[in-house]
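Please read the structure below before turning to the comments.
The values are calculated or read from the model by the stated rules, or taken from the named source; none is laboratory data. None of the values given here were measured: they were computed from a predicted structure. Here the Cβ positions follow ideal geometry from the backbone for every residue, glycine too, while neighbour counts run over all protein chains shown.
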Amino acid sequence: MSDTKTKKKRKEKPPIEEPLLAPGHRACSGCGESLGAKLVMDAAGPNTYATCCTGCLEVFSTPYPESAWKMPWIHSLFENSSAVAAGIEAALIAQGRDKDVNIIAMGGDGGTADIGIGCLSGMLERGHNILYVCFDNEAYMNTGVQRSGLTPFDARTSTSPPGKRSWGNKTTKKNLPGIAGAHGIPYVATATVGYPNDLINKVKKALKIQGPKYMQVHVPCPLGWIHPTDQTIEIAKLAVLTGLIPIYEMEYGEVTRVRKIGKNRRPVEDYLKPQGRFRHLFAKGAEAEEELEKIRQIAEDNIKKFGLA
Amino acid sequence: MKEFIEGSMAVARGVAVCRPHVVSAYPITPQTHIVEHLSEMVADGDLDSQFINVESEFGAASVVLGAAAAGGRSYSATTSQGLLLMGEVLFNIAGLRLPISITVANRAVSAPINIWNDHSDAMVFRDAGWIMLFAEDNQEVHDMQIQAYKIGENPEIMLPVLVNMDGFILTHAYETVETISQKEADDFLPPFKPEYYLDVNKPITMGVLGDPNYYLETRYSLQEAIDESRDVVKQVAREFKEKFGRWYGDLIDTYRTEDADTVFVAMGSLVGTIKDTVDELRDKGEKVGLLKIRCYRPWPGEEVVESLKNIDNVIVLEKAVSLGASGMMADEIKASLFDTPHRPKISNFFIGLGGRDIPKESLIKVYNQVKEKPQYNQFVDLKPELLEYPS
Amino acid sequence: MARPRPAGYVAEPGSSKANKTGSWRTEKPVFLHDTCTDCRICVLVCPDGIIFGADSIYDADFDFCKGCGICAAECPVDDIEMAPEVR
C-alpha cells in the first residue's frame, strides 16, 4: 500500500466520538449487553427516544444521580418498555414532534420474551413506528442468572441447575423472532455482538423502515455464562458458527436473508466447552453424549430451517 | 350548554375539552361507554387525539405513562380488575410525577366476579401517590375531569389524579348536564407544559435507579407534594365556581350540618341518597346532616375535624372493606380526631358492596341503630340465610 | 415558579462519567502502536466505548477502562497486549 493511498484512507476516518451510552456505567467488565447497547444507540444517533425494561441494562446505566444515556431515555417497569415507547410515539405525533426522530424500545430476554411479551405483541400489532431491540443474554442476569424463556437447552442457571435428575434447562429457546415475524411486521432481524458491523447495518436498515421492527441481539454475559471477559466476541461468533444462533432477517413474516455459515461451521462443543454454564456436559463421567447429540440436533435443525450451510 | 346525556358521555365530553394528546384504554364493564364515546369523537374528527387501543389495562397505563413522559396530556379510564392490573404502573406513574388523569367507573373486585358498583377497586390505591376525587353525580364528574388536569398539572404538584364515579349508577345514568364548551375549557385549563419531559433537543433520563441514599427523599417529596395538593384542590374548586358557577365542595362538602348532632359520612353517588334521607329525617325533627368526602387523597383531616366539631354521632358508610381491619375511611376519621378535644362516637358500616341496592329505608334503619348505641363494622342489609352452610 | 425537581427524579445525560470505572481494572491493555492497520476494531468492540485516537495511534481512556481485554483478543494484528495493572 502506497503512502498516498494510506493517507487518503486515513483522512476518510471520522474522529472517534464518545458513544451515546457514555462511559462510567456499571456494566460488568466484558459485558456483551453494554457493547450491544452502545452499538445500537450509536447506529441510531442522538435523535432517538429510548425506553428500557428493568434489568441489567437499566440498573448499570442509571444509578441516580448518574445516567450513561445521552439521548432522552426512560425506564418505567420490567414489562412495559414497548408500551411506554408506544405512548411516546403517540404523544410526539399529537404534538407534531415525530419528524426525523427514532424511537427504540429496549429490554433483556426476560423483559421481552417472558414478562413483557404482552406489551411487545400489542406494540408490534398496532403498527407503531418503533424499533424494539431485545438484548438476549439468555437468562435473568440482573437478579442472579435465573432461567428465562430464551435460556438455551441444558444451560445451567441458578433456577435450572444440573443435578442427579437434571442436565440443566429443560427447554429450548422460545422462537421470539418467529413470534414477532408472525405479527406480519415489516422487519425482524437477529444479530449478535459477534458481528458488530452486521448489527449496526441492521439497526440503520430497521430505522429506515416505517412501522414496527423487532431485533434480537445475542449478547454474551461473562458472569452468567461463565467465560473469560475477553472472550465475549469470540463466544458470540461461535454461537453463530455452530448453528445454535441463526442470524437472519425477515420481512412481513418471511425469512429474506441469512448469514451463511458454510465451510466455517464449527462443532457445537467449540461453543459449549468454553462456557461454565455448559461445563456439566463435559464433566468426567458425565455420560452426556445423548445430551450433546440433542444440542447438535438443535444446530442441525437451525441450519436446515434457515439454509445456513 | 344543557344536554340530557349518559354519565359516560358526560365524562367523555369533560375529557375531550381538555384536549388530551393521547387516550389509551382497554374495555371493561362499566367503563366501556366512556372510551367508546371518546373513540367516536376521534373517528369523527371532533377530538384531535391519538386513541391507542391496547392489549390490556397494564398496556393502557403504560402507554399514557410514556405519553405524559413525552410531554403529552394523557387520559385513560378503567375499573375493578382493570385498575388492579394497572396497579404496578399506577405506583410508577406517581413516582415519575406524571400528571395523568384516569377515570375509574368504580366496581367490585373478584372473586366472585361482579360487575356492579362499590369502591373496593379504587381504595386499593389509596397509598399509591394519586390524588383521588369521588364524584356525586354526572354534572360533578363532567366538571371533575378538567379540574383533575388543573390540579395534577400544577407545577408545584405534578401528580396523577384518579377521578372516581360509581359504575352503572353514574356511568349508565342519563341526567341533564351543563357541558363545558371548548372555549370555556381553554380559558380555564392552560396547555400542559411540564418542566421536564423527553425531548431530543434537551435530553434527560427518567426512571432512574434510586438506591438507599436517594429513595427516601423521593418518597418524602411525593408526600410533600400530595400534602400541598390540598390547597390546590381547594383553589381549583374555587376558580371553577368563579368561572362556571358550580360548586360541589372542595376537599369535603357538608349538607344540613349547622345544628346537627349526627352526620352521615360517605363518598360518591351514595351522597345523593343520603341527602334525601337527611331531608326525610329532618322532616321528622331529627338533627342530622351529611359530610361528603370529595377528595379522599390527600386525606382532608383538618376539614373533617372542623366539620365534626359539634357532632355527637358520626355514621361512616363505606363501599369497601379493609379485610382483616376495618373501614378505611372510618379509621382515618378516628385518627384525625384522636389529637383533638372533641371525640364524637364513630359508627361504621359497609354498604352496597357488589352493587347491593341502598334504599333510603336502609339508611334510616342504620340511623336508628346508631341512635340506640354506636355500631362498629356492621354490614348493612346482610342476608343471614345466605350465610348458613348447607347441613 | 416550579420548585427544583427533587432528587431521584431526573438525571442529566452522560452524567455517568462521574463514576471512574477504571479503578475496577486488574489488567490493562497496552497499545503497542506497532502493527496497527487503523482498522478500529478495538474502538468498535470496546463495551465502554473508551478507546480513542487516530491514524493508527489508539489508546484507552484509563479513567474508565475496566480491563476486559476484548480489544486485545479481537485485534487482528495483535497490536494490543494485556498486562497486569500496577498501581
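Data for the structure
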{"quantity": "Test for residue B:143: is it out of contact with any Asp or Glu (no Cβ under 7 Å at 6 or more places or on another chain), charged (D, E, K, R) and not in a loop (DSSP other than H, G, I, E, B)", "calculated": "yes"}
{"quantity": "Some residue of the stretch B:219-227 being assigned to a loop (DSSP other than H, G, I, E, B), among the basic types (Lys, Arg) and loosely packed, with under 15 Cβ neighbours inside 10 Å", "calculated": "no"}
{"quantity": "The stretch A:119-145, subset away from chain B (no Cβ under 14 Å) and acidic (Asp, Glu), residue farthest from residue A:83 (Cα to Cα)", "calculated": "A:138"}
{"quantity": "Candidate set from the stretch B:207-218 (those that are facing chain A (nearest Cβ under 10 Å) and surrounded by fewer than 14 Cβ atoms within 10 Å (Cβ to Cβ)); member that is farthest from residue A:78 (Cα to Cα)", "calculated": "B:213"}
{"quantity": "Selected residue [closer than 22 Å to residue A:305 by Cα and touching a Lys or Arg at 6+ places or on another chain (Cβ under 7 Å)] from A:181, A:149", "calculated": "A:149"}
{"quantity": "Residue within the stretch B:94-101 that is touching a residue at least 60 places away in the same chain (Cβ under 8 Å) and more than 29 Å from residue B:206 (Cα to Cα) present", "calculated": "no"}
{"quantity": "Contacts under 6 angstrom Cβ, first residue in the stretch B:365-381 being under 17 Å from residue B:282 (Cα atoms), partner surrounded by 15 or more Cβ atoms within 10 Å (Cβ to Cβ) and of a type in the set (Ser, Thr, Tyr), 6 or more apart", "calculated": "B:370/B:347"}
{"quantity": "Helices (runs of 4 or more DSSP H) contained entirely in the stretch A:1-118, each with at least 3 residues that are within 8 Å of chain B (Cβ to nearest Cβ) and over 18 Å from the mean Cα position of the chain (by Cα)", "calculated": "A:81-94"}
{"quantity": "Any hit, the stretch B:337-360, residues being without any contact (Cβ under 8 Å) to a residue 12 or more places away in the chain, outside any loop (DSSP other than H, G, I, E, B) and assigned by TED's automatic domain parsing to the domain that holds residue B:302", "calculated": "no"}
{"quantity": "When residues of the stretch C:41-52 are limited to those that are without any contact (Cβ under 8 Å) to a residue 24 or more places away in the chain and facing chain A (nearest Cβ under 7 Å), the one farthest from the chain's Cα centre (by Cα)", "calculated": "C:44"}
{"quantity": "Residue among B:309, B:319, B:287, B:292 that is crowded, with 16+ Cβ neighbours inside 10 Å, farther than 21 Å from residue B:120 by Cβ and basic (Lys, Arg)", "calculated": "B:287"}
{"quantity": "Check on residue B:327, within 25 Å of residue B:106 (Cα to Cα) and modelled with pLDDT of 95 or more", "calculated": "yes"}
{"quantity": "Selection status of residue B:289, at pLDDT 95 or above, touching a strand residue (DSSP E or B) at 6+ places or on another chain (Cβ under 8 Å) and either among the aromatic types (Phe, Trp, Tyr) or under 23 Å from residue B:236 (Cβ atoms) (or both)", "calculated": "no"}
{"quantity": "Hey, residue B:115 in contact (Cβ under 8 Å) with a residue 12 or more places away in the chain, farther than 24 Å from residue B:355 by Cα and not charged (D, E, K, R) or not", "calculated": "no"}
{"quantity": "Of all residues making up the stretch C:44-59, the number that are among the acidic types (Asp, Glu) and under 22 Å from residue A:26 (Cβ atoms)", "calculated": "1"}
{"quantity": "Filter result (at pLDDT below 95 and within 29 Å of the chain's Cα centre (by Cα)) within the stretch B:360-391", "calculated": "none"}
{"quantity": "All positions within the stretch A:127-150 that are within 15 Å of residue A:215 (Cβ to Cβ) and polar (S, T, N, Q)", "calculated": "A:129, A:137"}
{"quantity": "Residue within the stretch C:60-79 that is under 19 Å from residue A:24 (Cα atoms), facing chain A (nearest Cβ under 8 Å), free of Cβ contacts under 8 Å to residues at least 12 places away in the same chain and hydrophobic (A, V, I, L, M, F, W, C) present", "calculated": "no"}
{"quantity": "Yes/no for residue B:240 being more than 18 Å from the chain's Cα centre (by Cα) and of a type in the set (A, V, I, L, M, F, W, C)", "calculated": "no"}
{"quantity": "Subset of the stretch B:208-238 (residues that are in contact with a helix residue (DSSP H, G or I) (Cβ under 8 Å, 6 or more places away or on another chain) and farther than 19 Å from residue B:300 by Cα)", "calculated": "B:209, B:210, B:218"}
{"quantity": "Single residue of B:204, B:131, B:151, B:169 found to be within 11 Å of chain A (Cβ to nearest Cβ) and β-branched (Val, Ile, Thr)", "calculated": "B:204"}
{"quantity": "Within the stretch B:271-332, strands (runs of 3 or more DSSP E) holding 3 or more residues that are more than 16 Å from the chain's Cα centre (by Cα)", "calculated": "B:288-293, B:313-318"}
{"quantity": "Enumeration of residues in the stretch A:193-210 that are within 12 Å of chain C (Cβ to nearest Cβ) and either assigned to a loop (DSSP other than H, G, I, E, B) or of a type in the set (Ser, Thr, Tyr) (or both)", "calculated": "A:193, A:194, A:195"}
